[in-house]
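Below is one structure, written out as structure tokens; comments come after it.
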Amino acid sequence: MAASFRALSAALPNQSLTRSPPRFLAATSLSLRLNSVPYRLRRGATRASMAEIVTPKSKGKVKVFDTEEDLAVSLAEYAADLSKKSSQRKDSFTVVLSGGSLVKSLRKLLEQPYIDSVDWSKWHVFWVDERVVPKDHPDSNYLLAYNEFLSKVPIPTGNVYAINDALSAEGAADDYETCLKHLVKTKTIDQSESTGFPKFDLMLMGMGPDGHIASLFPGHPLVHENEKWVSFITDSPKPPPERISFTLPVINSSANIALVVAGAGKANAVHVALSDVSNSDVLPVQLVEPEGELSWFLDKGAASKL
């Protein structure tokens with residue numbers, strides 16, 4: 001079974017792990033918890049790079065940054081801190097990635113002090129969704145993560161779990177679920193005591209302008225799947241049409257979820273998710289309610305309608 005889901009060592013054989021870290025740019029940030037009072041910006045209570053937002057919905061922590069660069073600095077600090085805490089208590093740190101701009105937002109982990117202080121040997125990397133295309137295809141989330149991040153950090157190749165792209169969408173989803181169940185059985189991945197689903201240490205996700213997360217799109221039946229761990233879609237409204245995706249119960253069983261959203265084009269969906277507004281069509285992002293901690297990382301554009 002290992003050959004079907006341990007794919008990093010087999011793919012892109014002419015590329016190797018390299019490190020060439022630039023200087024680290026230090027920055028500070030303030031973690032803020034949402035509560036049930038009317039929302040507003042409290043700029044006077046924050047540092048220069050951030051604004052505090054208080055909204056009617058108690059949905060975790062929110063950080064709003066003046067620039068995407070500030071966001072990336074804080075995200076690196078957040079991920080490195082979780083990695084350190086996890087490494088101190090167990091032998092694995094399970095991290096789930098999405099595609100899009102999320103991977104580029106991890107770029108500060110490639111710099112000092114993180115590149116040399118993070119225990120990369122304990123990282124196990126997964127994808128919350130993937131396009132069913134070859135690993136060297138421009139649409140591949142794996143290829144994006146490899147080029148931008150994985151090829152530049154010393155994570156063991158056997159700890160990177162890509163889909164088997166030789167299978168159909170349905171077959172790839174079933175194979176990936178088998179992979180996860182094996183890793184839960186061997187205790188590489190924790191298991192939620194309350195749901196029985198895998199409990200990842202950190203799930204890093206972006207969000208589409210329509211409020212979709214992973215490959216869970218508004219109005220699609222896949223949003224309501226509550227038994228499978230990994231499902232598939234052959235009619236994605238966003239190309240390519242064939243994808244696999246973690247289901248919502250798996251997402252919500254995570255110990256920590258970071259929703260990383262940048263750009264004014266996503267401001268409407270952020271507004272719906274975090275504000276007390278009436279919306280007849282529930283967006284998938286509104287259904288993210290992990291049993292662990294939820295953190296929002298927003299730039300000023302994404303938060304512009306709050």
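The values are calculated or read from the model by the stated rules, or taken from the named source; none is laboratory data. Computed from a prediction, not measured in an experiment: that's the story for all the values here. Glycine gets a Cβ as well: all are built from the backbone with ideal geometry, and neighbour counts include every protein chain shown.
In this structure, is residue 192 in contact (Cβ under 8 Å) with a residue 60 or more places away in the chain, farther than 24 Å from residue 102 by Cα and of a type outside the set (Phe, Trp, Tyr)?
Judged against the criteria, residue 192 is a match.
Among the residues of segment 203-232, what is the count of those that are surrounded by fewer than 23 Cβ atoms within 10 Å (Cβ to Cβ) and either in contact with a Lys or Arg (Cβ under 6 Å, 6 or more places away or on another chain) or over 25 Å from residue 282 (Cβ atoms) (or both)?
1
Against the definition (outside any loop (DSSP other than H, G, I, E, B) and either at pLDDT below 50 or touching a Ser or Thr at 6+ places or on another chain (Cβ under 6 Å) (or both)), how does residue 74 come out, yes or no?
yes
Within segment 89-118, how many residues are among the hydroxyl-bearing types (Ser, Thr, Tyr), under 22 Å from residue 199 (Cβ atoms) and within 11 Å of the chain's Cα centre (by Cα)? Write out each step before concluding.
Taking segment 89-118 first, the residues among the hydroxyl-bearing types (Ser, Thr, Tyr) are 92, 94, 98, 101, 105, 114, 117.
Cutting the leftovers down to under 22 Å from residue 199 (Cβ atoms) gives us 92, 94, 98.
If we keep only those that are within 11 Å of the chain's Cα centre (by Cα) too, we end up with 98.
Qualifying residue count for the region: 1.
I need a count of the residues in segment 129-158 that are more than 21 Å from residue 94 (Cα to Cα) and either surrounded by fewer than 17 Cβ atoms within 10 Å (Cβ to Cβ) or among the polar types (S, T, N, Q) (or both).
So the count comes out to 5.
Within segment 170-189, identify whether any single residue is among the acidic types (Asp, Glu), surrounded by fewer than 22 Cβ atoms within 10 Å (Cβ to Cβ) and touching a helix residue (DSSP H, G or I) at 6+ places or on another chain (Cβ under 7 Å), and answer yes or no.
From segment 170-189, those among the acidic types (Asp, Glu) are 170, 174-175, 177; that's our starting set.
Filter once more, keeping what is surrounded by fewer than 22 Cβ atoms within 10 Å (Cβ to Cβ): 170, 174-175, 177.
Okay, now just the ones that are also touching a helix residue (DSSP H, G or I) at 6+ places or on another chain (Cβ under 7 Å), so 175.
There is at least one residue in segment 170-189 that is among the acidic types (Asp, Glu), surrounded by fewer than 22 Cβ atoms within 10 Å (Cβ to Cβ) and touching a helix residue (DSSP H, G or I) at 6+ places or on another chain (Cβ under 7 Å).
Just to verify a result, which residue in segment 276-306, among those that are surrounded by 16 or more Cβ atoms within 10 Å (Cβ to Cβ) and of a type in the set (Gly, Ala, Ser), is nearest to the chain's Cα centre (by Cα)?
Among those that are surrounded by 16 or more Cβ atoms within 10 Å (Cβ to Cβ) and of a type in the set (Gly, Ala, Ser), it is 295.
How many residues does segment 195-220 hold that are without any contact (Cβ under 8 Å) to a residue 40 or more places away in the chain and in contact with a helix residue (DSSP H, G or I) (Cβ under 8 Å, 6 or more places away or on another chain)? Can you show your working first?
Within segment 195-220, the first condition is being without any contact (Cβ under 8 Å) to a residue 40 or more places away in the chain, and the residues that meet it are 196, 220.
Those still in the list that are in contact with a helix residue (DSSP H, G or I) (Cβ under 8 Å, 6 or more places away or on another chain) too: none.
Residues flagged as without any contact (Cβ under 8 Å) to a residue 40 or more places away in the chain and in contact with a helix residue (DSSP H, G or I) (Cβ under 8 Å, 6 or more places away or on another chain) within segment 195-220 amount to 0.
Please enumerate the residues belonging to segment 98-121 that are surrounded by fewer than 20 Cβ atoms within 10 Å (Cβ to Cβ) and part of a loop (DSSP other than H, G, I, E, B).
Selection gives 111, 112, 113, 119.
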